Amino acid sequence: MAFKIGLLGLGTVGTATAEILLNPQKRHPLLQEIEIQRVGVRSPDKSRDVQLPPDIITTDLEAIVSDSSIDIVVELLGGLEPARSLILKAISHHKHVVTANKAVISRYGSEIFSAASQAGVYVLIEAAVGGGIPVIQPLKHSLSANRINRILGIVNGTTNYILTEMAAEGSDFADVLAEAQQLGYAEADPTADVDGFDAADKIVILAETAFGEQVELEDVHREGIGKVSALDIGYAERLGFAIKLLAIAQDSPATPDSLEVRVHPTLVPKDHPLASINGVNNAILVEGEPIGQVMFFGPGAGGGATASAVVSDIMNIAGILQTCGRTETPHPLLSTAPQQQCSVTPMEKLVTRFYARILCVDYPGVIGSLGTCFGRHDVSLESIVQIDFQNGLAEIVVVTHDVREGNFRSALDEIRNLDAINNVSIPSVLRVL
Ligand code: HSE
């Protein structure tokens, strides 16, 4: 029995997906049952790195999603539209869908999965998070016996590359970004990566998969890496930390019916498994009960790696169709059930450790004044050290114990306005894992 694919998009991932499907030798035998029926592209005359019969290529993307001969639509166009509409249209025509589109799934996942559930089709999204790293299917299948408490990951390769280079070279963000753009590691417009938008999309998808609740993208607290300085990376290193852009979703101890979902640069203790993930790699650490910690590591982007995830989703669907045929009841470990809306903990209620770098006029007792002010706001300090001078000002680095974020911010506001401390500025505030 052959399964017919309608492929939307023949960019880097689409081309790599077609290459796998056209070369099934020495791969799983099920691949031999999968055929590319039609391919939808926006620019038919563009030269391609993959050999496909010209008569299966079309610019009529709508015709593909409604083609009765097609079983599985593979959406690799990227962007919000027409991708979202084409996915919904494919579902309405009872096609199964495989997509790598994190932007669409993080915003419209609920609408898409509800439509899929009603139509009795699968929408699989392994390639939307972590490129080639299997994490969505393991969360749904292999870890399904566990209560997941926390997912934290390095899910953006560009920012991890930049932070790794900053640490290795002692260079500042802007210089490393410019170099990464020259080398093709960072986009000409790096906003989605460096400001944490890409990681926010991915943590929404991971949170929804792991916790089975719908997370609104706008509820996710997001900070990028633009304000991380070489100085902070150096101090973090001396204190025993690496700075990483972490995407975190976890049960909230402060508000038991809520989840914490956030993306921000974080000081990670050097003996933590995520501290040693360097360069463009991604890693996702899942913590559950009873399993403990499981970490997934690998290439988070790239045509071949992402195509590996896309084709595994296609094969999952083909395998089910081959053994069960088309059924009204989707496989419960493969489908995504409609989800209830999740409440996300406001950041002021977060309980975490902080690192802050404070500049102020040096005088006897300044550290005491700072300590007293933190104490007034119930902020307990793990360490407070005067490390250096910058332009004649004392540079004081503070690391707290676990504190309520709201209290810490109030303490910083008071410090900025304390008469006893002159010329105070707080160039860096970062959370500590
Ligand atoms: N731009 C992303 C990254 C890959 O740098 O990891 C695609 O999600």
Does Ser276 fit the bill of being in contact with a Ser or Thr (Cβ under 7 Å, 6 or more places away or on another chain) and either outside the structural domain of Ser114 (by TED's automatic domain parsing) or modelled with pLDDT of 95 or more (or both)? no
Among the helices (runs of 4 or more DSSP H) contained in the range 173-213, which hold 1 or more residues that are over 20 Å from the mean Cα position of the chain (by Cα) and away from the ligand (no atom under 16 Å from the Cβ)? 173-182
Would you check which residues across the range 71-102 are in contact with an Asp or Glu (Cβ under 6 Å, 6 or more places away or on another chain), of a type in the set (A, V, I, L, M) and within 15 Å of the ligand (Cβ to nearest atom) and list them? Ala83
Can you tell me which residue is farthest from Asp232 (Cα to Cα) among those in the range 416-433 that are modelled with pLDDT under 95 and surrounded by 18 or more Cβ atoms within 10 Å (Cβ to Cβ)? Ile421
Give all pairs with beta carbons closer than 9 Å in which a residue from the range 384-409 that is over 17 Å from Val366 (Cα atoms) meets a residue that is modelled with pLDDT under 90 and surrounded by fewer than 19 Cβ atoms within 10 Å (Cβ to Cβ); count only pairs at least 6 apart in sequence or on separate chains. Arg404/Ala254
Taking Leu124, is it outside the structural domain of Gln250 (by TED's automatic domain parsing), modelled with pLDDT of 95 or more and either over 28 Å from Ile87 (Cβ atoms) or more than 13 Å from the chain's Cα centre (by Cα) (or both)? yes
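May I ask you to verify whether Val361 is in contact with a Leu (Cβ under 8 Å, 6 or more places away or on another chain), loosely packed, with under 13 Cβ neighbours inside 10 Å and over 27 Å from Arg147 (Cα atoms)?
On the way: in contact with a Leu (Cβ under 8 Å, 6 or more places away or on another chain): yes; loosely packed, with under 13 Cβ neighbours inside 10 Å: yes; over 27 Å from Arg147 (Cα atoms): yes.
Spelling it out, Val361 is indeed in contact with a Leu (Cβ under 8 Å, 6 or more places away or on another chain), loosely packed, with under 13 Cβ neighbours inside 10 Å and over 27 Å from Arg147 (Cα atoms).
Counting only residues that are within 16 Å of the ligand (Cβ to nearest atom) and surrounded by fewer than 21 Cβ atoms within 10 Å (Cβ to Cβ), which one in the range 302-321 is farthest from Asp198 (Cα to Cα)?
Result: Gly304.
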Members of the range 134-158 that are in a loop (DSSP other than H, G, I, E, B), of a type in the set (A, V, I, L, M, F, W, C) and within 11 Å of the ligand (Cβ to nearest atom): Val155
With (1) touching a strand residue (DSSP E or B) at 6+ places or on another chain (Cβ under 6 Å); (2) without any contact (Cβ under 8 Å) to a residue 12 or more places away in the chain; (3) of a type in the set (D, E, K, R) as the list, and Arg27 as the residue in question, which single condition is left unmet? (1)
Can you spot a residue in the range 174-186 that is touching a residue at least 24 places away in the same chain (Cβ under 8 Å), in the same structural domain as Ile233 (by TED's automatic domain parsing) and within 24 Å of Gly79 (Cα to Cα)? yes
Return a yes/no flag: does the range 278-297 have any residue that is touching a Pro at 6+ places or on another chain (Cβ under 9 Å), farther than 30 Å from Ala230 by Cβ, within 16 Å of the ligand (Cβ to nearest atom) and among the polar types (S, T, N, Q). no
Are any of the residues in the range 389-403 surrounded by fewer than 17 Cβ atoms within 10 Å (Cβ to Cβ) and at pLDDT 95 or above? yes
Report, ordered by the first and then the second residue, all pairs with beta carbons closer than 6 Å, sequence separation of six or more or different chains, a first member in the range 38-57 that is under 13 Å from Gly11 (Cβ atoms), and a second member that is among the charged types (D, E, K, R). Val50/Glu19
Is it the case, given these coordinates, that Gly300 is out of contact with any Ser or Thr (no Cβ under 8 Å at 6 or more places or on another chain) and small (Gly, Ala, Ser)? yes
Conditions (1) assigned to a strand (DSSP E or B); (2) away from the ligand (no atom under 16 Å from the Cβ); (3) out of contact with any Asp or Glu (no Cβ under 8 Å at 6 or more places or on another chain); number of the one not met by Leu259: (3)
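The values are calculated or read from the model by the stated rules, or taken from the named source; none is laboratory data. Source: prediction; values computed, not measured. Every residue, glycine among them, receives a Cβ derived from its backbone with ideal geometry; neighbour counts consider all protein chains shown.
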